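Throughout, read-outs are computed from the coordinates displayed, never taken from laboratory work. Predicted model, so just to flag it, every value in this text is computed and none were measured. Backbone-built Cβ (ideal geometry, glycine too); neighbour counts: all protein chains shown.
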Amino acid sequence: MKVLLLGSGGREHALAWALSQSPLCDTLYIAPGNPGTHTCGVNVDLDALDFEQVLEFILDKEIGLTVVGPEQPLVAGITDFLEAKGHAVFGPSTIASQLEGSKQFAKDFMARHNIPTAAYKVFSGDYYAEALAYVDAHNQYPIVLKADGLAGGKGVLIPENREELLAGLEELSKGSLQAAAQTLVIEEFMLGEEASVFALCDGEHFEIMGTAQDHKRQLDCDKGPNTGGMGAYSPSPLLAKDMLNSVSETIIAPTIAGMAAEGNPYKGFLYVGLMMTSAGPKVVEYNCRFGDPECQVVIPRLRSDLLTHLVQSAQGELLGKDIVFDQQYRTTVVLVSGGYPVSYEKGFPIFGLDELEKVEAVQVFHAGTKEQDGQLCTAGGRVLNVVGTGPTLQESISMAYKGLESISFEGMFYRKDIGAKGLNHVS
Ligand code: AMP
Ligand code: GLY
């Protein structure tokens, strides 16, 4: 089978690495890919949002399955577009992707199906005054403000007081978030630790595709602004067998059954972001794709064949198929460009990667890298994911940090406490 993978981040390098090892995979194309995916297959210069261009490539190369990495092409409808032309796609439909594409869609869906989540209220139109009056009447801080639409991870604000609320409402209704925040969701603040669970879904059935915890804030001890993710570890000690069973029963099963019952069967990866509250796990968010950098710590643990599972999912044949993981922990530390996520420079040479190729317990996935005149250079905010493997969480953390010592580039920055919060929960 010829496979086309869309995307260019660390998540796609991890997926490409696993897909390229599949006995089912004849040729793997990655569009646009990065220098890391180049070692797994053929990088091609396609724009995933230009559906006609993607279709032309699929026809030309006789692609058997298109795997969509990021959310933007899914929410924009690439699955419906390609399936209507008779091509197999791994990823949810346009409407099913609304679980990530619209916070209101997700919240209303959870309310209809009694899926535990924070209490909420939706505001639309010229909502500034009405939203302010609503929060004033409740006078409870922190409070959570969410732009309804995709906002590249920047659409959630959590004001701690009235002054921050005023600034937040201004930003959402009139400022830089206006396009994503035509509709606003205000929700109750949930207290607890966050963990994520991934499900592989075929429209009717699902299988757990691992658990992980990420670190969204820029600086140690969860300080600084939110980022795309500074590191992650898998499995999550908060989601051991019994808890995971309970999450499957109370959250994932009703999500898959509810989507199917409403005529929007969910196929693809479902990412469920959870808050482990004192009243049990509740949904913080759904994403319609794998997490980044969570994918980079889950996929290396997989012992069964990824492409086989993706085909089973796309064809509605997941029932009874076991997804097998090893018993090791994985931790990834993300090496970022100095100043990320606010402002940073690119184009600096990266040194020291060759040495790591020989170290078995360390794996590197590329994100924002580029080859310039034969030299690997930085080309984005999140540059590399260094993944450590070990029989315990502590050992996987140590391997990741030991591995990254050999890597350097100008302005390189990383968090020093990735995985530390997980050590509180393992013996
Ligand atoms: P989201 O994009 O919905 O995942 O929100 C981004 C981040 O905001 C989450 O990972 C949480 O850390 C935080 N967050 C979102 N909703 C809530 C909530 N209701 N209570 C507490 N924190 C939240
Ligand atoms: N790491 C968070 C995400 O992929 O949305």
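For this structure, a couple of remarks:
- For the range 146-178 versus the range 218-253, the gap between their alpha-carbon centres in whole angstrom: 24
- Normalised contact order of the range 373-426, rounded percent, pairs of Cα under 8 Å and 6 or more residues apart: 29
- Rounded to 5, the percent of DSSP beta bridges in the chain classed as antiparallel: 80
- Rg/Rg_ref, the range 90-134, where Rg_ref = 2.2 N^0.38 Å and atoms are Cα: 1.42
- A Gaussian network model of the chain, with springs between Cα atoms under 10 Å, assigns the largest mean-square fluctuation among 251, 407, 30 to 407.
- Cα convex hull of the chain, projected area averaged across orientations, nm²: 20.1
- Set against the 2.2 N^0.38 Å expectation for a compact globular protein, the range 355-427 has a Cα radius of gyration ratio of 1.23.
- Build a GNM of the chain with springs between Cα atoms under 10 Å apart, and of 292, 214, 242 the one that fluctuates most is 242.
- For peptides 107-119, 50-62, sequence by mean Cβ density within 10 Å, most packed first: 107-119, 50-62
- Estimated FRET transfer efficiency when R0 is 35 angstrom, pair residue 351-residue 26 (beta carbons, to 0.05): 0.50
- Relative packing of peptides 122-131, 172-181 - highest average C-beta neighbours within 10 Å first: 172-181, 122-131
- Members of 85/146; 358/402; 146/223; 107/267; 103/174; 107/421 lying beyond 25 Å, as alpha-carbon distances in this model show: 85/146; 107/421
- Over the chain, Cα pairs under 8 Å with separation of 6+ residues give a relative contact order of 16 percent.
- When the convex hull of its Cα atoms is viewed from all sides, the range 1-76 shows a mean projected area of 4.4 nm².
- Positive-end extreme of charge dipole, the range 344-401 - chosen from 379, 391, 351 (charges on Cβ): 379
- For residue 189, nonlocal amide neighbours, meaning residues 5 or more places apart or on other chains whose placed amide H falls under 5 Å from its own, are 144.
- Sequence-distant residues sharing a close amide H with residue 231 (under 5 Å, placed H): 215, 334
- Choice from 31, 253, 261 with maximal GNM fluctuation in the chain (Cα, 10 Å cutoff): 261
- Cα gyration tensor category, rounded, prolate or oblate, for the range 74-184 with a/c compared to 1.5: prolate
- Net dipole in debye of the chain [+1 Lys, Arg Cβ; -1 Asp, Glu Cβ; about Cα centre; nearest 20]: 620
- As a calculated quantity, the FRET efficiency between residue 2 and residue 221 at R0 = 35 Å, using C-beta atoms, amounts to about 0.15.
- Highest average packing first - 190-197, 99-106, Cβ atoms within 10 Å: 99-106, 190-197
- Cα point-scatterer Debye curve for the range 32-77, base-10 log of I(q)/I(0) at q = 0.14, 0.25, 0.27, 0.32 Å⁻¹: -0.36, -1.10, -1.21, -1.29
- The range 1-157 - percent relative contact order, Cα under 8 Å, separation 6 or more: 16
- Close amide H pairs (under 5 Å, H built 1.01 Å from N) link residue 67 with 4, 5, 6, 90, residues at least 5 positions away or on another chain.
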